[in-house]
1. Name the single residue that is nearest to B:Phe167 (Cα to Cα) among those in region B:1-53 being among the basic types (Lys, Arg) and without any contact (Cβ under 8 Å) to a residue 12 or more places away in the chain.
2. From the set of residues in region A:26-57 that are free of Cβ contacts under 8 Å to residues at least 12 places away in the same chain and farther than 19 Å from B:Val241 by Cα, which is surrounded by the most Cβ atoms within 10 Å (Cβ to Cβ)?
3. Out of B:Ser32, B:Ser49, B:Ser40, I need the residue that is within 14 Å of chain A (Cβ to nearest Cβ) and surrounded by fewer than 21 Cβ atoms within 10 Å (Cβ to Cβ). Which one?
4. Of all residues in region B:230-280, which are in contact (Cβ under 8 Å) with a residue 60 or more places away in the chain and polar (S, T, N, Q)?
5. Name the residues in region B:269-320 that are polar (S, T, N, Q) and more than 13 Å from B:Ile168 (Cα to Cα), would you?
6. With respect to B:Glu152, determine if the residue is touching a helix residue (DSSP H, G or I) at 6+ places or on another chain (Cβ under 9 Å), surrounded by fewer than 20 Cβ atoms within 10 Å (Cβ to Cβ) and assigned by TED's automatic domain parsing to the domain that holds B:Ile38.
7. Quick check on this structure: which one of A:Asp71, A:Asp61 is at pLDDT below 90, assigned to a helix (DSSP H, G or I) and on the phi < 0 side of the Ramachandran plot?
8. Within region B:224-242, does at least one residue satisfy the condition of being modelled with pLDDT under 95, more than 29 Å from the chain's Cα centre (by Cα) and over 19 Å from A:Ile58 (Cα atoms)?
Amino acid sequence: MATQNEVQEGLAEIVNEIAGIPVEDVQLDKSFTDDLDVDSLSMVEVVVAAEERFDVKIPDDEVKNLKTVGDAVNYILTNAA
Amino acid sequence: MTKPQIRPATGAQYSRIHGVGGYRPVRVIPNSEVLEWIDSSDEWIRTRSGIAERRWAGPEESVAEMSVQAAGKAIAQAGITPEQIGGVIVSTVSHLKQTPAIATEIAQRLGCGTAPAFDISAACAGFGYGLGLADGMVRGGNAEYVLVIGVERLSDLTDKSDRSTAFIFGDGAGAAIVGPSNTPGIGKLIWGSDGSQADVISQTQAWDTAFAKPDAINGQGEEQKWPALRMDGQPVFRWAVWEMAKVAQQALDAAGITADQLGAFIPHQANMRITDAMIKALKLPASVPVARDIAETGNTSAASIPLAMERMLESGEAHSGDLALIIGFGAGLVYAAAVVTLP
């Protein structure tokens, strides 16, 4: 089972790869759209990459609730297989 | 008494695309014009869709007129006469007069005699659906040559106040002639539908619902609103990229072709972001040229694949005889993919 740090680091690598955001900027309180400039389509790419990496299902209806990096980390920690 | 036996129809062993042609409306709508209707920016539209401009049809550029123009070019490239065409299939979701099928008028105007002519509705997968039907007709012995047309006037179904779709759609027609071949020119079609996602891309309301509403002038009831196309971007993006990458791979596998053997990848021109993400998901080698007609044409649904194919052949990005992977996907949801030999 991944720790919060591991999930945050993994997510930061994904966001870096997809949106070119520096890894150190991907902090728990950051909003994907407002702070990190991850648009709605890039968010889908992040979600699909996260699903694969953390063995978790993130349904389309859930994606809109993941506003901050912290929301995504919590969702993954709670729902990962 | 022996039971009488029906003599079966016999067709060609193989089929291929003999010619392709397109028609692009005269009027160019640059992003700057779209910005008169929606609160957005040129950069926002380009980064979200890859679209710089699209073509919108004028009053004279009807579904039939654009189809006849595109078909004329495909017939010329195929080197056949219209009388040799034994079937006309028109895929469209934006011919607003349902009856009769517009295919019959197109067949008549082209001089296709009494060729069977009919419309199909498979949205952005329509060209692939038509190609599959044509391939079956040619190999089944029910036609020697079949004309497949994808044609749309999506501007007629565009809500200019909808920020998420106003910049996407364009108009145009693309046509292909499918006929007999000595070698296989159309691989197995991988096609299907998923009605559980019917709502993610659809017309806002049925025509009877729209007409049933009293108009605002009466000051009563709901305002009458012309139906338009709407879509739910995130679910469409996820399905179009990752599910369609699997379908594209199945089409390659069914044809016994590997991605590095392709001379072109021609996905439905839905959105440049979908194309880019699909290339990654498919692990397409960088050496394969990719259709990017959407930048100047917008999303023309059923017309997009033949239009993009024509452009790639005319620009020299792809060549006659090359293998191309085509994949269409859209409202339904529906999809169709195949490996074809370029005409």
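The values are calculated or read from the model by the stated rules, or taken from the named source; none is laboratory data. Just so we're clear, the structure is a prediction, and the values are computed from it rather than from any experiment. Every residue, glycine among them, receives a Cβ derived from its backbone with ideal geometry; neighbour counts consider all protein chains shown.
1. Only one residue fits best here, namely B:Arg7.
2. The residue in question is A:Asp35.
3. Unique residue meeting the criteria: B:Ser40.
4. Within region B:230-280, B:Gln250, B:Gln261, B:Asn271, B:Thr275 qualify.
5. Passing the criteria: B:Thr275, B:Ser287, B:Ser315, B:Ser320.
6. No; evaluated as a whole, the condition is false for this residue.
7. None of the other options fit; the residue is A:Asp61.
8. yes
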